[in-house]
Structure formats: structure tokens, C-alpha cells
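The values are calculated or read from the model by the stated rules, or taken from the named source; none is laboratory data. Since this is a predicted model, take the numbers as computed values, not measurements. For neighbour counting, all protein chains shown are included, and Cβ atoms are generated from backbone atoms with ideal geometry for every residue, glycine included. Each accessible area value is taken on the protein alone, full model and side chains, heavy atoms only, with ligands, DNA and RNA left out. Shrake-Rupley method; radii C 1.70, N 1.55, O 1.52, S 1.80 Å.
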Amino acid sequence: MRLKVLDHYEIGRDLRYLALEAPDLPRGYQPGQFVHIKVSDSFDHLLRRPLSLCRLDVAAGKLVVVYRITGAGTRMLSEKIPGQTVDVLGPLGHGFPLHDGDRHAILIGGGIGVPPMVELALWLKRRGARVTSVIGFQSSDQVILTDELREYGDVLVATDDGTCGHHGLLTERIDDAMIASADRFYACGPTPMLRAVQRLFAERLPGYLSLEERMGCGIGVCLACVHGIRTDDDVSNKKVCKDGPVFCASEVVFS
Amino acid sequence: MKEPTSSLQQVDLSVRIGSLCLKNPVMPASGCFAFGKEFADFYDLSELGAIVVKATTLEPRLGNATPRVAETAAGMLNAIGLQNPGVERVVRDELPWLRSFDIPVIVNIAGTTVEDYVEVARRLGESEDVDALELNISCPNVKCGGIQFGTDPAQAAHVTASVKAVSRVPVIVKLSPNVSDIVAMGKAVESAGADAISLINTLVGMRIDLRTRKPIIHNKIGGLSGPAIKPIAIRMVHDVSQAVHIPIIGMGGIMTGEDAAEFVMAGATAIAVGTANFVQPTACQDIISELRAWCEQAGIASVTELCGVAWK
């Protein structure tokens, strides 16, 4: 579908906020799903870019993604101005499952893994759950979405260089008391962070990891974005785009 | 005033590949359509000329480590590594469902040895749900994934003849462009009994990540596909189609109905759509309607009229 650009601006170094007019969105979406976007109509940058949903406001008919400019393709996308349209597929994949009875959830986002936490935090808050967001960035000029997340609960920030919040890893901001008070965790970010999060919560708190992998089609066909997932005693390749990107943390196998 | 013929009659898009009758010349390329289920969410698969499913091997294969893809200028590299559930599960779990659509089902097969190919062909032959086989002797992404059969005319002929001997359905051979003499390869498989030739598989390529200073794809090399390779594919279809008497299924970077028409003019009887399916799930459906519209505008009554018009 072709969606019209409503807003498109910088919210951090190399980070862009893109709001699209989306009047006919499917009702059954979940936080943690992604949209697959063409950066241009030419064949030069052929493949779509998977961008996680930051907000999906069905009532207002608006969809928001936040993305990082990482190369010539996303640079091209960043040149779209309000009124122009982009080719969007989705929402795709399986997002974060929500559980009845959860009273407190820890949301962990690293870098460009922070945006999907905004929609998730909103959903959890609406269900009456307490939300603690623990988010990490390289540096203060890349710290994003703190105000949005603060609307739904406490926000703890860490940066690699100490220019904002805690100087160090975001996992260092999660203490035993926080874990003891929580029912579940949700995490999205770079693989080393997910690996550390999985280790931190192992046997202590159930949760979910949203994986990142180079994608092709986004609909489960090309088998580019597979990841090892443990089922019973076996490990099999699951498709991050179609079976995921969210998987049960204890089932994710990091090589 | 005389009406233009195009508005009076529907363009005839039907073609024949050996004994297979296709309602139109457009099919997905193997490996770019999985086993079809995902696309059935987007359109009725019965609209296709045929379906070509993912390469099937004797045993299940997990495929290569990731990253498996990298974008390139007007194309992409892939090194999936023939991930598939193995022939038993393909026959049991995938093919019966495809039978519910009114289209020929072509199963791509790959192996390490001639015996592998023969055994997969034999097991598929026991299924009523297979209308043709496509021999993958051109996968660049696994050590012994058939590429050795794809670069030597004598070995290509040997595996083709061996599969022909056990197959009750037509055998299509998918050739690699990574050879110095594609015509010799085409002639070799024709003389070994191939019923048709698929041209081309991907070209071997590489991309290096400037930050890590290492190849992006874990397998280091991958197969290049997409619009970037279309001129090479057109040239090969043009040359091989004039040197053999069996039909050619042309493929390599087809994104539009006009691209499809170009392949037919080069000498392809049918065409396959690969990478475009990853960009636009409705690509095959779109290309069929674009090809029909193009023929109508050009005053073509039957797409077969176009086959090989570029030869002379």
C-alpha cells in the first residue's frame, strides 16, 4: 500500500521520526510488529527495509516508525517530505505477547530497539500494568523517545560514553529488587545486548526478545533472516520476519 | 472505421513447455516463492502459468549461517544454502496443497551426487502432485550443491540423462551463468534428453562491509540476482535459444511485464520471476497483467508470436 508522509524529522543523530497516514490498517496488529518499506520506487535500492512500529494509532489512522540512517538506502528514505508517499507492506510478523495478570513489566531497548517499546508501554499501561523502561544508547545525541516512554512509567537511561544517564551498559541499571518485583521482561536491541539480557534474566524472569537479522522478503519466503530457536530438545531455524521477530527469550539460541 | 484487433480479442498468453500447457508464460523462480503458501495470502495462485517450488534435497538441510543476503546496486546477493525440509516432507506436507490450484507444479531438485538427484527424482515420481522436475545444477552457495554439474558439459549431460531415465514427468535443467560457454552447456543437456532449459541462475558475487572489512555474507560469496543481471540473462537466452530445439524458461532480474516481453523476444518461451517476489509479493500477478496489456497495445494476438523475434 502507498501511504502519505505526514511528518518526517530528525529526533537524534542519524535518527528520523516518520509518521504515515494509514487509514485502512488491519485491526489485529500487535506492538513489536514491523512494516517493510521501500526507500524509493527505483530498482537501485531494491529491497525493502524492515522498520519496527513505534506507534500505530488506528483511531487517528496514523502509523509511526523511527529509523536510523545507516546507508544510502535509508538516506534516500530520509529525503521524503510530507505529502509524498512511500510503499509499505505490513504490519508484519509476530509482536510481543501480553499476559493477563502481569502487574509489572521491564521494557529494555537498545538504540534503534527503543521505538517498539513505546507502543508496548502504552498497551501495558492500558491493561493496568506498571512499566519500567530501561533504555541504552551510544551517546546523548542519540537518546530518543524518553518523554514518550515517561508517559507510561519510569525510564532509566544508560549511555556507552556516560553523556546521559548511567555510564555503562543498560543491564547494570537492572537490580535484584527490580527483577523480584517484575512479572516479565521485553527486550529489543542489538544482538550483544539481547545476549546479555538473556543471561541476566535466565531462570529468574520470563520474557521475550525481539531479534534483528538482515531480511529479504519480510513475509517468510526467502529464508534470509533465520535464527536458531530451541523447541523441546531440538534447535531449528525459525524465520525472524514471519515466526518472529519476537521469540520467547529462553528459546533463543545465540551462537 | 476499422476497430483495432486488440480491442476485439483477448491476447492469447498460453504457451507450451514440452508436454506442459501453461495458461500464461509467467512462473515464480525456484527459491523465490518457497512452497507458495505465503503468496496465497496476496492472490489466487491459479492465476500463475506454473509454480516452481524451492529446491528439494534428499535429506533436510538447515542452510547456511546468517547473514544470508546483502543488497547490491539494482540487485541482491543471497547465500541461503538450500534450506529445505527434505523430499519426504515436501511430498507429504507441501505438494498436496499446491494441487488444489489449477496450475502445473514444477519441483526443483538439488543434490551432491548423481545418485542424490536420481533418488529425489524417483521419490517425487511416486507423487501424483508433480508435473515436472527442474534440475538445479547451478546453486553457487553450497560446497557440493550441484554447481560442479553446472560448469562441465559432460557432467551436466550425465546427471540429466540419469534423471531422465527415472522420471515420468518432463525434466527442465536450470543452468548456471558462471561458465565461459553457455551454449555448450545448453546443447549438452539437450542431447542428454532435457525437455527444457531454465536460464539463468544467479551469478557468483561478493560484498565487503567497510566497517568490519569482511564479506557481508557469512558464506562470503553469494548469488547475484535482480535487475543488475538482466542484460546477461537476455544475452544467454538469445544465444542458447538459437542453438537448441527445446524451450527456454528465461529469468534474471524480471521486474515488469516489459522485462518479460524482452526475454520472450530474446527467445524464451516462458519466463520466471525471482527477486521481484521479495520486493512485491504480487509481482508475478502484476507482471502477467502488464505483459497482457503490453501485448494488447502492441497488437500481438498470441505471445508465442514474439518468441525469438530479436534473433534476426
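For the stretch A:110-130 and the stretch A:210-247, what is the centre-to-centre distance using only Cα atoms, to the nearest Å?
After rounding, the separation between the Cα centres reads 23 Å.
With r defined as the distance between the Cβ atoms of residue A:100 and residue B:97 and R0 fixed at 41 Å, what FRET efficiency is calculated, to the nearest 0.05? The partial results should precede the final answer.
Values: r = 35 Å, r/R0 = 0.86.
Efficiency at R0 = 41 Å is approximately 0.70.
Rounded to the nearest percent, how much of the accessible area of chain B (1.4 Å probe, protein heavy atoms only) is carbon and sulfur?
For chain B, the apolar C and S fraction of the accessible surface comes to 53 percent.
Label the stretch B:26-97 by shape, choosing from rounded, prolate and oblate, from the square roots a ≥ b ≥ c of the eigenvalues of the Cα gyration tensor; if a/c is under 1.5 it is rounded, and otherwise prolate applies when a/b is larger than b/c, oblate when it is not. Don't skip to the end; give the middle numbers.
Numbers: a/c = 2.40, a/b = 1.13, b/c = 2.12.
Oblate, since a/c reaches 1.5 and b/c is not below a/b.
Of B:270, B:297, B:177, whose Cα points farthest to the positive end of the dipole of chain B (charges on the beta-carbon: +1 Lys, Arg; -1 Asp, Glu; origin at the Cα centre)?
Checked the options; the winner is B:177.
Accessible area per residue, 1.4 Å probe, Å², for the stretch A:132-206: what's the number?
Values: 3510 Å² over 75 residues.
That works out to 47 Å² for each residue.
If R₀ is 30 angstrom, what is the calculated FRET efficiency for the pair residue B:14 and residue B:235, using the beta carbon separation as r and rounding to 0.05? The partial results should precede the final answer.
Numbers: r = 27 Å, r/R0 = 0.90.
Efficiency at R0 = 30 Å is approximately 0.65.
Which value results when the Cα radius of gyration for the protein assembly as shown is divided by 2.2 N^0.38 Å?
Values: Rg = 25.5 Å, N = 567, 2.2 N^0.38 = 24.5 Å.
Normalised Cα radius of gyration, the protein assembly as shown: 1.04.
Mind listing which GluC sites (Glu not before Pro) in the stretch A:68-173 are in a DSSP loop and have 14 or fewer other Cβ atoms within 10 Å?
Numbers: sites: A:79, A:119, A:148, A:151, A:172; in loops: A:79, A:151.
Those that pass, being in a loop and sparsely packed, are A:79, A:151.
Tell me which residues come under 5 Å, amide H to amide H, from residue B:198 once H is placed; ignore anything under 5 positions away on its chain.
Correct list: B:173, B:174, B:175, B:249.
I need the per residue convex hull volume for the stretch B:172-312, using only the alpha carbons, in cubic angstrom as a whole number.
Details: hull volume 18.1 nm³, N = 141.
Spelled out: Cα convex hull of the stretch B:172-312, divided by residues, is 128 Å³.
In nm, what is the difference between 0.36 nm times the number of residues separating residue B:148 and residue B:209 and their Cα-Cα distance? Please report the intermediate quantities before stating the final value.
Values: separation 61, 0.36 × 61 = 21.96 nm, distance 2.88 nm.
Additional length available on full extension: 19.1 nm.
Highest first, please rank the peptides A:71-78, A:203-210 by the mean number of other Cβ atoms sitting within 10 Å of their residues. Don't skip to the answer; put the middle values down first.
Working: A:71-78: 16.4, A:203-210: 19.4.
Averaged packing, sorted descending, gives the order A:203-210, A:71-78.
Please state the relative contact order of chain A as a whole percent: Cα pairs under 8 Å, 6+ residues apart? Walk me through the numbers on the way to the answer.
Values: 583 pairs, mean separation 43.6, N = 255.
Value for chain A: 17 percent.
Taking beta carbons within 10 Å but only from partner chains, what does the mean come to for residues B:292-298? Present the calculation step by step, with values, prior to reporting the outcome.
On the way: counts 0, 0, 0, 0, 0, 0, 0.
Other-chain Cβ atoms within 10 Å of each residue's Cβ, averaged: 0.
Within the set of other residues whose C-beta is less than 11 Å from the C-beta of residue B:220, count the net charge using Lys and Arg as +1 and Asp and Glu as -1. Spell out each step's value before the answer.
Details: positive: B:207, B:214; negative: none.
After counting each charged neighbour, the total is +2.
How many Cβ atoms of partner chains, on average, are near each residue of A:47-54 if near means within 10 Å of its Cβ? Please list the in-between numbers first.
Details: counts 10, 4, 1, 0, 0, 0, 0, 0.
For this peptide, the per-residue mean of nearby foreign Cβ atoms is 2.
Report D for the stretch A:1-93 in µm² per second (integer): Stokes-Einstein, Kirkwood Rh on Cα pairs, 20 °C, 1.002 mPa s. Don't skip to the answer; put the middle values down first.
Details: Rh = 13.2 Å.
After rounding, the answer is 163 µm²/s.
Ranking request for peptides B:207-215, B:186-194, A:192-200, B:168-176: highest mean number of other beta-carbon atoms within 10 Å first, then the rest in descending order.
On the way: B:207-215: 10.9, B:186-194: 21.4, A:192-200: 17.4, B:168-176: 24.1.
Going by the mean number of other Cβ atoms within 10 Å, highest first, we get B:168-176, B:186-194, A:192-200, B:207-215.
Would you work out the relative contact order for the stretch B:157-213, in percent, from Cα pairs under 8 angstrom that are 6 or more residues apart? Working shown, then result.
On the way: 61 pairs, mean separation 23.9, N = 57.
Here the relative contact order equals 42 percent.
Hey, in the GNM for chain B with a 10 angstrom Cα cutoff, which one of B:273, B:91, B:240 fluctuates hardest?
So, out of B:273, B:91, B:240, the one fluctuating most is B:91.
Treating each Cα of chain A as an identical point scatterer and ignoring solvent, apply the Debye formula and state log10 I(q)/I(0) at q = 0.12, 0.13 Å⁻¹.
Reported log10 I(q)/I(0), two decimals: -0.68, -0.81.
A plus B alone minus the pair: what accessible area, both sides summed, probe 1.4 Å, in Å² to 100? Let's see the in-between values first.
Numbers: alone 11890 and 13340 Å², together 22850 Å².
Rounded to the nearest hundred, the buried surface is 2400 Å².
Among A:109, A:95, A:220, whose mean-square fluctuation peaks in a Gaussian network model of chain A (Cα, cutoff 10 Å)?
Top of the fluctuation ranking is A:220.
Give me the one-decimal nm value for the distance between modelled label points at residue B:113 and residue A:167, 7 Å along each residue's Cα-to-Cβ direction.
Each label point is offset 7 Å from its Cα along the Cβ direction, giving 6.4 nm.
Among B:21, A:222, what's the order by accessible area (1.4 angstrom probe), most exposed first? Before the final figure, lay out the partial values.
Numbers: B:21 80, A:222 10 Å².
Putting B:21, A:222 in descending order of accessible area: B:21, A:222.
To the nearest 0.05, what FRET efficiency results for residue B:158 and residue B:59 with a Förster distance of 35 Å applied to their C-beta separation? Working shown, then result.
Values: r = 22 Å, r/R0 = 0.63.
Working from the Cβ atoms, E equals 0.95.
To the nearest 20 Debye, how big is the dipole of the stretch B:94-253 about its Cα centre, given +1 on the beta carbon of each Lys and Arg and -1 on that of each Asp and Glu?
Numbers: 15 positive and 16 negative charges, 179 e Å.
For this selection, approximately 860 debye.
Give the Rg (one decimal place) followed by the Dmax (whole number) of chain B, computed from C-alpha coordinates and expressed in Å.
In Å, with Rg to one decimal and Dmax whole: 18.6, 69.
For chain B, what's the relative contact order in percent, using C-alpha pairs closer than 8 Å and at least 6 residues apart? Walk me through the intermediate numbers first.
Working: 752 pairs, mean separation 65.3, N = 312.
Reported relative contact order: 21 percent.
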